[in-house]
Amino acid sequence: MLFSKLEKKIAYRYLWAKKRGFGSVVSWVSLIGIMLGVATLIVVMSVMGGFHDVLLGRIIGMNGHVVVYHQDGAITDYDYLIDKMRQNKIVSAKAVSIVPIAEGQVMVTRGGKNSGAMIRGINMTDLISKTADGARFYGKELSEIKDGELVMGASLSRALNASLGSDVSLVSANASTPTPFGSMPRIVSYPVKTAFFMGMYEYDSGYVFMNLATAQKYLNIGKSVTHIDLFLKDANDTDAVRDALGRLLPDGFVVRDWRDLNRGFVGALQVESNVMFLILMLIIIVAVFNIVSSLVMLVKDKNRDIAVLRTFGVSRKSMMKIFILSGTTIGVIGAGLGTILGTVVAIYIEPIRKFFQWMTGRDLFPAELYYLSELPSRVEFWTVFGIAMIAILLAFLATLYPAWKAANTEPVEVLRNE
């Protein structure tokens, strides 16, 4: 048995002592500090985990897990290359779909308003499968979109006041038209038949989809595409597919995976997560130091009691265990309450955000800044458990010095001074 009945009884009596124990202000500050530190850390790590999952999921979902380019800028025999990829055992086993894409930057204008955007030519059947999870569409069904019709982000269409059925003009300097007076930007008007909402501001405000044939004609690239996207069953299987494509494709082709294409973004998310964890851990550490001061004062206040107990045969080891149990109990209660509070807030973070937004009348989570329309959260058991255990461990370590000081109290000296 780790603690005897006597040790538990004395420890809890000291813990509830009003002068220096649990009833003291310092002990309450310690407990509340640990509780708030644990809760804050759980909420922040859950929200950052949600950000990581949602942002990467949507970025990867739009751009493919593995992307094939050509150093000349255009891929001509893409049908032949896609068939060749599908015949490869490794690629066929790991890839869900292989999608040809024609993409280019344009200026979208309507009624004197304009905005930069990316047009993406894609077969509508591929677009349906890529956006099946999490995207909402308004207007004409994607399967009914014809050549010369556009699917535009909802935020972009609002910015241009482009209602469904209205025409917008696409202006591209790259797809310029030669004239006797020099090259002129290509300007073509298309009707907007469908609006989409993906919940990621970057795409909702900056992407326009059209049929692949329409994009090829507008970009003046003939029957070519700008790149080929491969979507895998497991996003982490990119290395094997990259190696297989490197051996399969002729010289001049470049193969990149989603980590390469988003290296800075992924790295920034990881660094931010680590830094926030360390900063917020300081809250718990400050609260833990209060346990040290509380127990040191308790040992000083209970010097006479300790001397009497030692005289009656209580060992040094038992005295250490008494004060370790007293201090660690504060850490356990604080970590437990913080875990409950943090988990509840992390689960209901979006309703809580909406409530405070309603109370203050201010937008606390602008999509233009955070690129998401809702505050995401991912509560992981092992993350929550790990944070709680770290708090308890720090509380335990904080008790060692006061417990050692109590165990080394010399009863003869104390009673002589009495």
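How large is log10 I(q)/I(0) at q = 0.17, 0.23 Å⁻¹ when the Debye formula is applied to the Cα atoms of the range 19-130, each weighted equally and without solvent?
Results for the range 19-130 at q = 0.17, 0.23 Å⁻¹ read -1.03, -1.30.
Among L278, L212, L298, whose mean-square fluctuation peaks in a Gaussian network model of the chain (Cα, cutoff 10 Å)?
Largest GNM mean-square fluctuation: L278.
When the Kirkwood radius is taken over all Cα pairs of the range 72-251, what Stokes-Einstein diffusion coefficient follows at 20 °C and 1.002 mPa s, in µm²/s? Please list the in-between numbers first.
Details: Rh = 17.5 Å.
Translational D for this selection: 123 µm²/s.
What longest range of the chain stays clear of loop-exposed trypsin sites (Lys or Arg not before Pro) (DSSP non-H/G/I/E/B, at most 16 other C-beta within 10 angstrom)? Could the numbers behind the result be given before it?
Numbers: sites that count: K18, K19, K146, K223, K233, R362, R378.
Within the chain, the longest run free of exposed trypsin sites (Lys or Arg not before Pro) spans 234-361.
Compute, for the chain, the length of the dipole vector about the Cα centre, with Cβ point charges of +1 (Lys, Arg) and -1 (Asp, Glu) only. Units Debye, rounded to 20. Show your work: numbers first, answer last.
On the way: 43 positive and 35 negative charges, 436 e Å.
In total the dipole reaches around 2100 debye.
Sequence-distant or interchain residues sharing an amide H contact under 5 Å with S97, placed H: which?
It is F231, by chain and number.
Set the Förster radius R0 to 41 Å, insert the Cβ-Cβ distance between D234 and M281 as r into 1/(1 + (r/R0)^6), and round the FRET efficiency to 0.05. Let's see the in-between values first.
Working: r = 33 Å, r/R0 = 0.80.
Step by step, r from the Cβ atoms, then E = 0.80.
How are the C-alpha pair distances of the range 273-396 spread across 5 Å bins, as whole percents from the shortest bin up?
Pairs per bin, as whole percents: 2, 9, 13, 15, 13, 12, 10, 8, 6, 4, 3, 3, 2, 1, 0.
Which of H65, H227 has the fewest other C-beta atoms within 10 Å, and how do the rest follow up to the most?
Values: H65 25, H227 21.
Ascending Cβ contact count within 10 Å gives the list H227, H65.
Once the chain is represented by equal point scatterers at the alpha-carbon sites, with solvent omitted, what log10 I(q)/I(0) does the Debye formula produce at q = 0.06, 0.09 Å⁻¹?
Here log10 of I(q) over I(0) equals -0.44, -0.72.
Step through the residues of the range 329-334 one at a time and calculate ³J(HN,Hα) from phi using the Karplus curve (6.51 cos²θ - 1.76 cosθ + 1.60, θ = phi - 60°), rounding each to whole Hz and writing x for Gly and Pro.
Going residue by residue, I get 4, 4, x, 5, 5, x Hz, with x marking Gly and Pro.
May I ask you to derive the FRET efficiency for E144 and D251 from their Cβ-Cβ distance with R0 = 35 Å, giving the value to the nearest 0.05?
On the way: r = 41 Å, r/R0 = 1.19.
Calculated value: 0.25.
Run the numbers for A159 and K84: contour at 0.36 nm per residue of separation, minus the present Cα-Cα distance, in nm. Walk me through the numbers before you get to the answer.
Numbers: separation 75, 0.36 × 75 = 27.00 nm, distance 4.28 nm.
That works out to 22.7 nm of additional length.
How about K113: which aspartates and glutamates have a C-alpha closer than 12 Å to its C-alpha, ignoring those fewer than 8 places off in the same chain?
By straight Cα distance, K113 reaches no aspartates and glutamates at all.
Since every read-out is calculated from the coordinates, none of them should be taken as a lab result. Note that the coordinates shown come from a computational prediction; the quantities given were computed from them, not determined experimentally. Here Cβ is always computed from backbone atoms with ideal geometry, including for glycine, and neighbour counts include all displayed protein chains.
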